[in-house]
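These notes are about the structure you will find just below.
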Amino acid sequence: MDSLTNTWGIWELPDGPADRKVELDMGCGKGRFTTTLAHRYPDRLVLCNDVMSDRLRIVEKRGIREGLANLRVLRAASLALVSYQLPPDSIDRMHLLCPDPWPKKHHLARRLVCTDFLCRVPRILKRGGVFHLSTDYVPYFEDWLRMFAQLPHLYEPFPEGVADVADIKTDFELLWNSKGTPVQHIAFRLKG
Ligand SMILES: C[S@@+](CC[C@H](N)C(=O)[O-])C[C@H]1O[C@@H](n2cnc3c(N)ncnc32)[C@H](O)[C@@H]1O
C-alpha cells in the first residue's frame with residue numbers, strides 16, 4: 001500500500017507500456033470490484049484508493065494472494081488524488097461506486113460529488129476517458145444528473161463505456177441488493 005500525503009507531492013505512475021490503460025476505483029472499500037477488474041484486464045494498471053487503511057489492507061492481501069501484479073493500492077483521499085496527487089491525463093476510466101451519500105441535511109457538505117469535484121476530474125481523466133458512478137441513494141443520483149447536465153462542455157453521457165463491467169458488483173451493491181434496494185449506475189465520457 002502506498003500512503004499518499006500532501007508532503008509527498010505528486011505520485012508518478014510506475015513504468016509500463018506507454019499505451020497501457022489505467023483504471024481507478026475511488027473509495028474502493030474492500031475492493032471486490034477492483035480485484036475483479038484487475039483479473040479481467042491483466043494488461044491494464046488498476047489503481048484503487050480509500051481513506052480506511054483496514055479496508056485497503058484487505059484489498060492488498062487479496063491482490064498478493066491472487067497474484068495481481070497490475071494492482072496498486074493507494075491510501076489517499078479522492079479529492080486530493082483528483083486535485084493534485086495523480087499526474088494529469090493519466091486515467092482512462094474511473095469508477096466511483098456507492099460513495100457515502102451523507103443523507104442528513106447538515107452533512108450535505110461532506111458529499112464528494114459536487115460541481116467543484118466534477119470540474120477537477122478532467123485534470124486526471126484522459127480525453128475520451130470514462131467516469132462511472134453508482135449509488136443506491138436516489139436523491140444523490142438525481143443531484144448527479146442535474147450537475148452533469150450543467151457541464152455539457154465537459155461531459156457527455158456514455159453508458160456503453162461501462163457495459164463490460166456491468167456484471168461486477170461491489171460489496172455495497174451486493175449488500176443493498178440483498179435488502180431489495182437497487183443501485184443505479186451512470187457513465188459519462190470526457191469531451192475532447
Ligand atoms: C459506502 S463505501 C463503498 C465502498 C465500495 N466502493 C463499494 O461499493 O463496496 C464508501 C467508501 O468510500 C471511502 N471513502 C469515504 N470518503 C473518502 C474519501 N474522501 N476518499 C477516499 N475514500 C473515501 C470509505 O472509507 C468507504 O470505504
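The values are calculated or read from the model by the stated rules, or taken from the named source; none is laboratory data. None of the values given here were measured: they were computed from a predicted structure. Counting neighbours? That spans all protein chains shown, and the Cβs are built from the backbone with ideal geometry, glycine included. Heads up: the accessible areas ignore ligands, DNA and RNA and are worked out on the full protein's heavy atoms, side chains in. Shrake-Rupley method; radii C 1.70, N 1.55, O 1.52, S 1.80 Å.
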Pop a pseudo-label 7 angstrom from the Cα along the beta-carbon direction at both ALA149 and ASP167 and give the gap in nm to one decimal. 3.4
How about region 144-192: which trypsin sites (Lys or Arg not before Pro) there lie in a loop by DSSP and see at most 11 other Cβ atoms within 10 Å? LYS179
Prolate/oblate/rounded call for region 13-102, Cα gyration tensor, a/c under 1.5 rounded: oblate
Can you list residues from other chains, or at least 5 along the same chain, whose modelled amide H is less than 5 Å from the amide H of GLY129? LEU190
Potential lengthening between MET52 and THR5 on full extension [0.36 nm per residue; Cα-Cα distance subtracted]: 15.5 nm
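How about region 1-103: which chymotrypsin sites (Phe, Trp or Tyr not before Pro) there lie in a loop by DSSP and see at most 16 other Cβ atoms within 10 Å?
TRP8
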The chain: mean projected area of Cα convex hull, nm²: 10.9
Nearest 0.05, what FRET efficiency do GLU66 and THR115 give at R0 = 41 Å with Cβ-Cβ as r? 0.60
Principal axis dimensions, largest first and in whole angstrom, of region 86-192 by Cα: 40, 35, 25
Per-residue SASA entry for HIS39, accessible area with 1.4 Å probe, Å² rounded to 10: 90
Kindly write out, for region 88-100 in residue order, the coupling ³J(HN,Hα) from the Karplus curve 6.51 cos²θ - 1.76 cosθ + 1.60 (θ = phi - 60°), rounded to whole Hz, with x marking Gly and Pro. x, 6, 10, 10, 7, 8, 10, 10, 10, 10, 6, x, 3
